[in-house]
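The values are calculated or read from the model by the stated rules, or taken from the named source; none is laboratory data. Just so it is clear, the structure is predicted and the values come from calculations on it, not from any experiment. Cβ placement follows ideal geometry from the backbone for every residue including glycine, while neighbour counts extend to all protein chains displayed.
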Amino acid sequence: MKKVSQIQTLIIDGKEVGGKSDESILQVAKENDIFIPTLCYLEGLSDYGGCRMCIVEVKGMPRLVPACTTLIREGMEVTTNSEKIHNYRLSILALLFTERNHICSACVSNGHCELQTLALKLGLTHVEFPYIFPKMPVDATHDRFIADHNRCVLCGRCVRACHEVEGAHTKDIMGRGITSRVITDLKESWGSSKTCTSCGKCVHVCPTGALTEKGKSVAEMEKRRQFLPYLKLMRERR
Amino acid sequence: MSKEIKQTSLKEDRRLRMVDRTMRIYGNEPHALIETLHAVQESYGFIDTDLMQYVAEKLGVPLSKVYGVATFYHFFTLKPQGEHTCVVCTGTACYISGAKAIMDDFAKKYDLLPGETTKDNKLSLLTARCLGACGLAPAIVFDGVVAGKQTPETVSNTIERWFKNEL
């Protein structure tokens with residue numbers, strides 16, 4: 001039997017809104033055209049709560065909570081933007097930029113990059129932290145795709161798409177902290193992977209130019225991911 | 001070496017029986033992954049890619065997940081260890097109490113970076129993120145024995161005694 005979800009009412013940014021009890025703050029905000037910045041969230045994939053861009057204030061809670069993994073409750077009062085939240089978001093973005101080598105002018109995803117768009121939207125004008133400039137490898141062994149770890153933000157979208165939608169789980173994240181990296185199988189080259197189906201879902205869910213199609217020049221890589229919610233629905237119904 | 005020969009030599013391996021036993025206890029279920037990697041680490045001393053492949057196949061866990069878990073936990077090592085191992089705790093308390101100076105000393109005296117083993121295979125340096133012994137900061141595990149309030153001097157004393165076979 002299907003679980004019946006209750007309708008709950010809450011206030012987001014002073015606006016009275018309603019949603020089902022199994023919906024997250026982010027989902028309800030989206031339904032009501034209230035903008036909350038996100039990076040690791042993608043409709044059609046499970047909620048990850050890794051990037052912390054969607055942090056919001058909830059009245060009565062001592063800490064900021066991620067909107068994507070916090071379910072709504074009756075009578076909740078949510079603030080999606082304030083100076084405090086804005087500053088936290090800017091710091092998170094700035095740290096993402098320092099961690100790898102994000103050089104937009106030489107990137108295939110220039111102009112179509114979610115990290116770049118977020119930085120523009122939130123008004124990140126400069127980065128106060130020193131850049132790390134790590135030496136990261138580029139894996140171009142696959143026939144059709146390239147994995148450039150210099151541009152990866154470890155959002156885990158490719159891992160989730162590969163596991164949840166394609167069902168191959170070719171990609172995962174190894175290590176911890178600053179040494180984390182997206183890997184293919186046993187940290188093998190992508191081209192020799194026996195589990196990869198070359199479906200390209202990971203490429204199209206990637207928010208930056210970390211996973212791209214071969215043969216694209218600067219600013220030519222546009223991602224298509226309209227298939228994802230549809231695909232998820234169809235697979236759930238099987 | 002062909003894959004087949006490698007497989008049979010794996011099967012005859014007594015150490016492998018310990019690994020198989022662990023998997024069997026947990027019904028060869030995917031959730032036995034960490035426990036199984038523990039068994040591999042303890043019976044082989046390290047986890048190589050052949051064994052990861054073996055475990056992944058037996059438990060029905062994706063290869064990338066096995067690699068991810070094996071590299072996430074500091075307890076697991078992917079390379080064989082030297083005769084002696086030093087685990088330096090680099091958790092917050094130990095770090096600010098001088099773990100950094102001890103690590104620098106390792107680099108200077110023995111040309112060792114975390115995760116490496118000396119060329120003569122005598123000494124391995126590993127790091128851990130908090131041993132849960134913050135009161136003993138900086139703490140170091142010498143061949144499985146925790147020692148607290150260490151300095152670069154006390155560490156090199158212990159190591160020199162190892163090298164002279166006094167310990």
Give just the number: which of (1) at pLDDT 95 or above; (2) buried (at least 16 other Cβ atoms within 10 Å of the Cβ) does B:E35 not satisfy?
(2)
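Please find, among A:S109, A:S91, the residue that is hydroxyl-bearing (S, T, Y) and either in contact with an Asp or Glu (Cβ under 7 Å, 6 or more places away or on another chain) or buried (at least 19 other Cβ atoms within 10 Å of the Cβ) (or both).
Going through A:S109, A:S91 in turn, the sole match is A:S109.
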Which listed residue, of A:H142, A:H149, A:H163, A:H204, is farther than 25 Å from A:R52 by Cβ, crowded, with 17+ Cβ neighbours inside 10 Å and modelled with pLDDT of 95 or more:
A:H142
Reported set for region A:180-194 where residues are facing another protein chain (nearest Cβ under 8 Å) and outside any strand (DSSP E or B) is A:D185, A:L186, A:K187
Identify, from the list A:A161, A:A168, A:A147, the residue that is within 14 Å of another protein chain (Cβ to nearest Cβ), in a loop (DSSP other than H, G, I, E, B) and small (G, A, S).
A:A168
Checking the structure you have, find out if any residue of region B:77-94 is away from chain A (no Cβ under 11 Å), among the acidic types (D, E), in a helix (DSSP H, G or I) and surrounded by fewer than 17 Cβ atoms within 10 Å (Cβ to Cβ).
no
Could you check A:E213 against (1) charged (D, E, K, R); (2) touching a Phe, Trp or Tyr at 6+ places or on another chain (Cβ under 9 Å); (3) away from chain B (no Cβ under 12 Å); (4) buried (at least 20 other Cβ atoms within 10 Å of the Cβ) and say which number it fails?
(4)
Does A:E220 count as touching a residue at least 12 places away in the same chain (Cβ under 8 Å), away from every other protein chain (no Cβ under 14 Å) and over 17 Å from B:P62 (Cα atoms)?
yes
